[in-house]
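Just below is one structure, and these are the notes that go with it.
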Amino acid sequence: MEIYLKGIAIAYSGALVTLQITIFAVIMGVIVGLFVALGKMSSIKLIRIIFSVYVELLRGTPMVVQALIIYYGLPMLLQDFGFNFRWESPVFASILVCGINSSAYVAEIIRGGLQAVDKGQMEAARSLGMKHSQAMRFIIIPQAFRIILPALGNEFITLLKETAVLSVITLTEVTRKSMLWVAATFEAWPAYLGTAFVYLSFTIPLSRLVAVMERRMAQSDRSK
Amino acid sequence: MIEVNNLTKEFGKLKVLQGITETIRENEVVCVIGPSGSGKSTFLRCINLLEIPTSGEIYINGEQINKKGVDINRIRKKMGMVFQNFNLFPHMTTLQNITISPIQVNKTSKAEAEEQAMELLKMVGLQDKAHVYPSALSGGQKQRAAIARALAMKPEIMLFDEPTSALDPEMVGEVLQVMKDLTHQGMTMVIVTHEMGFAREVADRVLFMDEGLIVEQGTPEEIFGNPKNERTKSFLSKVL
């Protein structure tokens, strides 16, 4: 029994890193994703194409490959161009990888949310003399945000689990903590059971929270 | 003053407006009636360019608004619009609905905008609803709030797009009353409506539209009392 608790404790020692990366990556994903979503809805065709390609590239490649490119590939490329660049720690690279990766998914979520706002809202705002940008900022985006909140919650959960692949770029998050312990003790079963336990201890409450948000949404829709 | 010259609007192959020429004078109250699909709403929505005309010209106070380089937001400030489905902003209280545009577009101070909003709410009989959200308002209250919101920009022209069509019958009267009060204040109003009794009572002039054209126009007495065109007669015989 003690060995199982030890397995959980080892995994938990990486939880702070996992959470940190996830939170910063989601914030970055939402900010970048908003611009990507607006870009994909641009009236200028070239801008639409650029952002569509961005989304396709990120959604069409595994995040572990993206991590390898950013963490190992990018410094090499920069050194070839004469910049003496290397990542001080995998933490920033991890946030960057997860944030950029997430932005592609968040962009699609945001685009869906923006398009779900009744088009009469934009018309009413414009009829009051607001510019398109003002209507987006004060009227459309706040409403879209409420619509997409549950979907963003799900994205947060997905990303939290996905951070496990960052062990390949030596980030000592939950999974890597366990792997290191296994390397030293060969206690694979208790170690990885503990890893799973730690992820579940975050994802189950979060998915309950998302379910509550979805129920609230459904209620406010009815009372419209 | 609104001048419309040979206005057409096509949605793909569908010709919704087939060449409308009309002048609406300052302080005039004009009701637009006609069967569904006759282009009434499209005509109204072209006036503040919510629909971009396919051809023709629209002049507001002598200035052509549907040409390149015109700042439509400046023109729209002079024109309020009231929608069939209210289109109140559901994430804002009634007061915020009314003050958002004066504050953000006209750069009115918050205190001044709120003071004006309270006066407008009093005018439409909703002073006790300032701090509730639209979801807590009845249909009639929503539409009165929407009228107050449009008036907050101090427009010279008000456009009404079937303002009572989405209301339960017992709420139609309260909205029409607010609109009637407005006509006494010398506001230029263009009202697309199915309320024939109301049109007859408040309109200076009635336009009858069918198949994208103004088929007949005249005073309410002329249109309702002695319609000349066959299509007007046939329409009125069905709705009156």
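The values are calculated or read from the model by the stated rules, or taken from the named source; none is laboratory data. Every value quoted in this text rests on a predicted model; they were computed, and no experiment measured them. Note that we place each Cβ from the backbone using ideal geometry, even for glycine, and neighbour counts take in every protein chain shown. Quick note on the areas: whole protein, heavy atoms, side chains included, nothing else; ligands and nucleic acids left out. Shrake-Rupley method; radii C 1.70, N 1.55, O 1.52, S 1.80 Å.
Note on the range B:36-132: enclosed helices (runs of 4 or more DSSP H) holding 3 or more residues that are away from chain A (no Cβ under 12 Å) and free of Cβ contacts under 8 Å to residues at least 60 places away in the same chain are B:110-123. Report the residue count in the range A:153-168 for those that are surrounded by 19 or more Cβ atoms within 10 Å (Cβ to Cβ) and in contact with a Phe, Trp or Tyr (Cβ under 7 Å, 6 or more places away or on another chain). Residues in the range A:153-168 being surrounded by 19 or more Cβ atoms within 10 Å (Cβ to Cβ) and in contact with a Phe, Trp or Tyr (Cβ under 7 Å, 6 or more places away or on another chain): 2 in total. When residue B:150 is tested against (1) under 17 Å from residue A:124 (Cβ atoms); (2) open to solvent by less than 10 Å² (accessible area, probe 1.4 Å); (3) touching an Asp or Glu at 6+ places or on another chain (Cβ under 7 Å), just one condition goes unmet, and that condition is (3). Restricting the range A:151-172 to residues that are without any contact (Cβ under 8 Å) to a residue 60 or more places away in the chain and not aliphatic (A, V, I, L, M) leaves a set whose member that is nearest to residue A:199 (Cα to Cα) is A:161.
Take the conditions within 14 Å of another protein chain (Cβ to nearest Cβ) and of a type in the set (Lys, Arg) and apply them to residue A:119. Does it pass? Yes, satisfied. Scanning the range A:80-131 for residues that are closer than 22 Å to residue B:45 by Cβ and in a loop (DSSP other than H, G, I, E, B) yields a count of 6.
Here is a check on your reading of the model: is residue B:129 at pLDDT below 95, within 29 Å of residue B:177 (Cβ to Cβ) and out of contact with any strand residue (DSSP E or B) (no Cβ under 7 Å at 6 or more places or on another chain)? No, not satisfied.
Evaluate the range A:65-78: report whether one residue or more is within 14 Å of chain B (Cβ to nearest Cβ), surrounded by fewer than 20 Cβ atoms within 10 Å (Cβ to Cβ) and either without any contact (Cβ under 8 Å) to a residue 12 or more places away in the chain or among the small types (Gly, Ala, Ser) (or both). Within the range A:65-78, none of the residues are within 14 Å of chain B (Cβ to nearest Cβ), surrounded by fewer than 20 Cβ atoms within 10 Å (Cβ to Cβ) and either without any contact (Cβ under 8 Å) to a residue 12 or more places away in the chain or among the small types (Gly, Ala, Ser) (or both). Within the set of pairs 6 or more residues apart or between chains, which connect a residue that is farther than 18 Å from residue B:105 by Cα and at pLDDT below 95 inside the range A:121-150 to a residue that is buried (at least 21 other Cβ atoms within 10 Å of the Cβ) and small (Gly, Ala, Ser) with Cβ atoms less than 6 Å apart? Correct list of pairs: A:144/A:113; A:147/A:113; A:148/A:113. Remark: pairs (first residue in the range B:162-177, touching a residue at least 40 places away in the same chain (Cβ under 8 Å); second residue surrounded by 14 or more Cβ atoms within 10 Å (Cβ to Cβ) and of a type in the set (S, T, N, Q); Cβ separation under 7 Å; 6+ apart in sequence or on different chains) = B:162/B:41; B:162/B:84; B:162/B:193; B:163/B:84; B:163/B:143; B:165/B:84; B:166/B:84; B:166/B:85.
Out of the residues in the range A:169-199 that are buried (at least 16 other Cβ atoms within 10 Å of the Cβ) and of a type in the set (Phe, Trp, Tyr), which is farthest from the chain's Cα centre (by Cα)? Applying the filter and picking the extreme gives A:181. Please verify whether residue B:102 is buried (at least 18 other Cβ atoms within 10 Å of the Cβ) and closer than 30 Å to residue B:38 by Cβ, treating the condition exactly as stated. For residue B:102, the condition - buried (at least 18 other Cβ atoms within 10 Å of the Cβ) and closer than 30 Å to residue B:38 by Cβ - is not met.
Looking only at the range B:17-26, decide whether some residue is within 14 Å of chain A (Cβ to nearest Cβ) and open to solvent by 20 Å² or more (accessible area, probe 1.4 Å). No, the conditions are met nowhere in the range B:17-26.
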